[in-house]
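The values are calculated or read from the model by the stated rules, or taken from the named source; none is laboratory data. Bear in mind the structure is a predicted one, so any value in this text is a computation, not a measurement. Reconstructed Cβ throughout: ideal geometry from the backbone, glycine too, with neighbour counts over all protein chains shown. Keep in mind that these areas ignore ligands, DNA and RNA; they rest on the heavy atoms of the full protein, side chains included. Shrake-Rupley method; radii C 1.70, N 1.55, O 1.52, S 1.80 Å.
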Amino acid sequence: MPQVCKQKISNTQNCDREEYKDGLCIIHHNGKNKPANIFRKIIRDDIYRGFYNFSYMISYDGFSLEELKIENDAEIIFRNSYFAGPFQIKNRDLKASFDFTDANFDSGLFITLSDIRKEIIIKNSNISMDLNLSLCNFDSIIIDNAKINCKADFSNSYINGKLEFNHIHFKDNLNFLNAIFRDDFAFQNIIVEKDIDFRNSVFFKKMKFENVEFKGNFKPAEIIDNDKIELKNVLINGKLIENNQKEKEDKKKLEKIKEAKEKIYKKTILKEKE
């Protein structure tokens, strides 16, 4: 009877594939002598049977979701996965979420010209070569504790839900040209080594920058004068802004104090009349 892969891919699930080498199956074994396109072939077969957990997979060829039929509301999981080649999604309309927690991309992550109508999570990850999420409609994007060792392009994309960036080091340019944000935008604990472009971007709700260092040129520079955009401890175009909302916050405090005094005064007058 063949041995089964010993890789545990979730808290409750083990890989059920046949052992290939060192107690691991062919997609979990860390070896470059794998057959060409084995990663795509196995994912294709798994998707056909409704299986979407691809944690700990190692791909030297890269991967594309082209022409693969994905069920609605699928949760596609690539936790702890490694891609030596590019990961690509192009021209797709998917009601599916993607979880790239602890995933590494040596040759880029490309999601372009697509509708992704559920959440994308990139957490504890490293991306090199290229990060391109342009010309898309997204439900929401969460990137947390990531190193982006390349240009990051979100231009001409439409984000319907929340956009959260936290603890990220962008080592090259960051581009949001012509992007549209329907929900809150949080940009916290970030370093951008080169230029950042928000020209022609549209924000419908709150935009918050906190503990951010923009080392390159920020466009448009006028953003620092917009009191609807919250800037706290932000270095932007060589200027440190500790809190651009302080004047507004102080004014609200004074108004509350004034209201409280008026209430006390009215109560006092009423007592005196009694």
Taking placed amide H atoms and a strict 5 Å upper bound, the residues 5 or more places from D102 or on another chain that come that close are N80, K123, N124, S125
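What does the charge count near G85 come to, summing +1 for each Lys or Arg and -1 for each Asp or Glu among other residues with Cβ under 13 Å from its Cβ?
0
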Just to confirm my understanding: which cysteines in the chain have no other cysteine beta carbon less than 4.7 Å from their beta carbon? C136, C150
Which aspartates and glutamates have a Cα less than 12 Å from the Cα of K215, not counting those fewer than 8 places away in the same chain? D172, E193, D195
For the chain, find the longest principal axis of its Cα atoms and tell me its angle to the long axis of helix 38-48, 0 to 90°, nearest 10. 70
13 Å reach of a label modelled at I180, 7 Å along Cα-to-Cβ, counting backbone N of the stretch 93-135: 135
How much of C150 can a 1.4 Å solvent probe reach, expressed as accessible area in Å² and rounded to 10? 10
Of I241, V4, F165, whose Cα points farthest to the positive end of the dipole of the chain (charges on the beta-carbon: +1 Lys, Arg; -1 Asp, Glu; origin at the Cα centre)? I241
Indicate, rounded to the nearest 5 percent, the antiparallel portion of the DSSP beta bridges found entirely in the chain. 10
Among K228/K256; K32/K194; K95/K151; K151/K208; K147/K208, which pairs are too far apart, with a Cα-Cα distance over 29 Å? K32/K194
Net charge of neighbours whose Cβ lies under 10 Å from the Cβ of S97, counting Lys and Arg as +1 and Asp and Glu as -1: -2
When the Karplus curve 6.51 cos²θ - 1.76 cosθ + 1.60 is applied with θ = phi - 60°, which whole-Hz ³J(HN,Hα) does each residue of the stretch 201-215 get, with x for Gly and Pro? 6, 10, 10, 8, 10, 6, 10, 10, 10, 9, 6, 10, 10, 9, 7
In order through the stretch 18-35: 3J(HN,Hα) via Karplus (6.51 cos²θ - 1.76 cosθ + 1.60), integer Hz, x for Gly, Pro: 6, 4, 10, 8, 6, x, 10, 7, 5, 8, 9, 6, 8, x, 7, 8, 7, x
For A179, enumerate residues with amide H under 5 Å from its amide H, sequence gap 5+ or separate chain, H modeled in the peptide plane. N156, S157, S201, V202
Could you go through the stretch 114-122 in sequence order and give the Karplus-derived ³J(HN,Hα) for each residue, using 6.51 cos²θ - 1.76 cosθ + 1.60 with θ = phi - 60°, rounded to whole Hz, and x for Gly and Pro? 9, 10, 10, 9, 9, 6, 10, 10, 10
Indicate the gyration tensor shape class of the stretch 77-196 (rounded, prolate or oblate), computed on the Cα atoms with a ≥ b ≥ c the square roots of the eigenvalues: a/c under 1.5 is rounded; otherwise a/b larger than b/c is prolate and the rest oblate. rounded
Can you compute the helix-only [θ] at 222 nm over the chain? Use -39500 (n - 2.57) per DSSP H run of at least 4 residues, normalise by all residues, nearest 500 deg cm²/dmol. -5000 deg cm²/dmol
Can you list residues whose amide H is under 5 Å from G62's amide H, if they're 5+ apart or on another chain and H is modeled 1.01 Å from N? A84, G85
Accessible area per residue for the chain in Å², computed with a 1.4 Å probe and the full protein assembly in place, what is it? 55
